[in-house]
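The structure appears right after this line, and notes come after that.
The values are calculated or read from the model by the stated rules, or taken from the named source; none is laboratory data. Owing to the predicted nature of the structure, the values given are computational and were not obtained by experimental measurement. Cβ placement follows ideal geometry from the backbone for every residue including glycine, while neighbour counts extend to all protein chains displayed.
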Amino acid sequence: MNLADIKQLHIELTDKCQAACPMCPRNFHGGKTRDFIRNQDISLEQFKEWFPKDFLAQLNNFYSCGNYGDPCFAKDCLEIYEYVRQCNPTARMGIHTNGGMRNTEWWARLAVAMGKNSDVIFAVDGFKGKHELYRKNTNFDKVIENMQSFIKAGGTAHVDSLIFAHNEDETEELEKYLKDMGVDKINFVSTTRFYDMERFEVQDNSGDTEYYIYPPTKHKREPTKHLDEFLDPVARKQFINASIIDPKCINSNEIYVNANGDMFPCCWIAANYVEEPIEETITLHTLRNINVEDSKAVMKDIGIPNVEDGVLHKDSELWPKLKNYWAGKNNCMTCALQCSNLVYESKGRYD
Ligand SMILES: C[S@@+](CC[C@H](N)C(=O)[O-])C[C@H]1O[C@@H](n2cnc3c(N)ncnc32)[C@H](O)[C@@H]1O
Ligand code: SF4
Ligand code: SF4
């Protein structure tokens, strides 16, 4: 994979967010923000320095989602989208957001800045009252108001809606409501983040239990292995090394840049770069810590450049050593989890 072949840029414009979704790694179970979060964002000035015009012009897809923040919180989000559009009149531009920040005027301006062939993917996880059980600290009415303003100004709105036990009975009604409003596409997502757990605790900022969320009864994604099966180091190594990795990074000609300017082959591996050990109260946390350690060692070996150092200003081969971690003997745990059938069957494993 060479830089000159890159066609898609996934960027984390910020790691700031007002929400506290219980399964988002920026917080602990919907409560306290994790200590490694820096609340930083990429400014327009930095963006112009880091991403040369000819690099932006070669892209066919520019989108921001990120691991730890909401792009629409980045102070120069709108200005950065205007700039990318100037440099590249045809690329698809996208934003994944909870949509609950800023005012209607800002959302109308965003629709104009993005222009045709672009879309914003709003998170709407049920109707008012249900939505906020997962999208903690957002307000359903405000999200809808912002989305309506975006659509009215000519923007294409999509919705990704997470299904849980508490909202699974209203998906049809929600789909109709959103379609009537002009939403172009609605994608219901059954999260894989419960793994084999029956419920997930939601905490407040002091670490006290507020309530639990439960997977949907009708569409739960069942893993092929129990989490506990990964605790034994010998068994874990066997599972990981036996997995057949189909690297999405190679097939998609994509790179990921986080809010600190670090550049990676994908957002999944990037999620382990800045993360610090999590308090181990459930098996999921223990395995998360093992995965972070394993992936940090891989990244140390393959090298993680920072775009601040001018890496995008000249062509080069990207991560030539990465393929050594897909060869069986030494498989990377993140690559096996995300790009093989290790825990979930192939359908939708990239969710
Ligand atoms: C960290 S968020 C960043 C973008 C933005 N803040 C948002 O939430 O849309 C990255 C992605 O994770 C998704 N997400 C959050 N919780 C999830 C869950 N439990 N299962 C699957 N995806 C989830 C978000 O909807 C978003 O698409
Ligand atoms: S809105 Fe996105 S970034 Fe914010 S807490 Fe939820 S999943 Fe995380
Ligand atoms: S998880 Fe590994 S194989 Fe999959 S896209 Fe990321 S770097 Fe490539």
Worksheet item: Within region 85-122, how many residues are within 11 Å of ligand 1 (Cβ to nearest atom) and either assigned to a helix (DSSP H, G or I) or among the small types (Gly, Ala, Ser) (or both)?
Response: 3
Worksheet item: Where residues in region 246-264 are within 15 Å of ligand 1 (Cβ to nearest atom) and not in a strand (DSSP E or B), which of them is surrounded by the fewest Cβ atoms within 10 Å (Cβ to Cβ)?
Response: Ala259
Worksheet entry | Exclusive hit being surrounded by 17 or more Cβ atoms within 10 Å (Cβ to Cβ) and touching a Ser or Thr at 6+ places or on another chain (Cβ under 7 Å), set Ala20, Ala108 | Ala108
Item to complete: Determine the pairs where a residue that is at pLDDT 95 or above, located within region 320-332, has a partner that is away from ligand 3 (no atom under 12 Å from the Cβ) and among the small types (Gly, Ala, Ser) with Cβ atoms under 8 Å apart, the partner being 6 or more residues away or on another chain.
Response: Lys321/Gly303
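Is it the case, given these coordinates, that Val298 is of a type in the set (A, V, I, L, M), free of Cβ contacts under 8 Å to residues at least 40 places away in the same chain and farther than 25 Å from Glu198 by Cβ? If you could, list the steps in order and put the result at the bottom.
Numbers: of a type in the set (A, V, I, L, M): yes; free of Cβ contacts under 8 Å to residues at least 40 places away in the same chain: yes; farther than 25 Å from Glu198 by Cβ: yes.
The answer is yes for Val298.
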Worksheet item: With respect to Phe55, is the statement that it is buried (at least 24 other Cβ atoms within 10 Å of the Cβ) and away from ligand 2 (no atom under 16 Å from the Cβ) true?
Response: no
Worksheet entry | Those residues of region 280-293 which are closer than 18 Å to Tyr195 by Cβ and either of a type in the set (D, E, K, R) or in contact with a His (Cβ under 7 Å, 6 or more places away or on another chain) (or both), in sequence order | Glu280, Arg288
Discussion item. I'm trying to understand the selection: among the residues of region 1-40, which are assigned to a strand (DSSP E or B) and within 16 Å of the chain's Cα centre (by Cα)?
Written reply: Gln8, Leu9, His10, Ile11, Thr14, Asn27
Worksheet, complete the sentence: Among (1) of a type outside the set (S, T, N, Q); (2) within 21 Å of Ile269 (Cβ to Cβ); (3) within 12 Å of ligand 1 (Cβ to nearest atom); (4) in contact with an Asp or Glu (Cβ under 6 Å, 6 or more places away or on another chain), Tyr63 falls short only on (4)
Worksheet item: For Asp246, which of the numbered conditions (1) of a type outside the set (Lys, Arg); (2) more than 10 Å from ligand 3 (Cβ to nearest atom); (3) out of contact with any strand residue (DSSP E or B) (no Cβ under 7 Å at 6 or more places or on another chain); (4) over 27 Å from Phe36 (Cβ atoms) fails to hold?
Response: (2)
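Which of the residues that make up region 302-317 are assigned to a helix (DSSP H, G or I) and exposed (fewer than 12 other Cβ atoms within 10 Å of the Cβ)? Spell out the reasoning first.
Let us first name the residues in region 302-317 that are assigned to a helix (DSSP H, G or I), namely 302, 307-309, 311-313.
Selection gives Asp309 alone.
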Worksheet item: Only one of (1) within 16 Å of ligand 3 (Cβ to nearest atom); (2) closer than 22 Å to Val189 by Cβ; (3) of a type in the set (Asp, Glu) fails for Glu345. Which number is that?
Response: (1)
Response to the item:
How many residues of region 104-130 are within 19 Å of the chain's Cα centre (by Cα) and under 26 Å from Ile163 (Cβ atoms)? The answer is 7
Worksheet item: Of everything in region 111-151 that's among the small types (Gly, Ala, Ser) and at pLDDT 95 or above, which residue is surrounded by the fewest Cβ atoms within 10 Å (Cβ to Cβ)?
Response: Gly129
Worksheet item: Does region 66-85 contain any residue that is closer than 21 Å to Cys17 by Cα, within 16 Å of ligand 3 (Cβ to nearest atom) and crowded, with 21+ Cβ neighbours inside 10 Å?
Response: yes
Item to complete: Kindly establish whether Leu322 is touching a strand residue (DSSP E or B) at 6+ places or on another chain (Cβ under 8 Å), of a type outside the set (Ser, Thr, Tyr) and surrounded by 12 or more Cβ atoms within 10 Å (Cβ to Cβ).
Response: no
Response to the item:
Exactly one of Thr171, Thr192, Thr224, Thr217 is outside any strand (DSSP E or B) and closer than 24 Å to Arg34 by Cβ, and that one is Thr192
Item to complete: Give the residue, chosen from Asp70, Asp76, that is within 15 Å of ligand 2 (Cβ to nearest atom) and at negative phi.
Response: Asp70
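Considering only region 277-287, I want to know if a residue exists there that is aliphatic (A, V, I, L, M) and assigned to a loop (DSSP other than H, G, I, E, B). So that I can check it myself, show each step before the final result.
Of all residues in region 277-287, those aliphatic (A, V, I, L, M) come to 278, 282, 284, 287.
Filter once more, so that each one left must be assigned to a loop (DSSP other than H, G, I, E, B): 278, 282.
The answer is yes, given that some residue of region 277-287 is aliphatic (A, V, I, L, M) and assigned to a loop (DSSP other than H, G, I, E, B).
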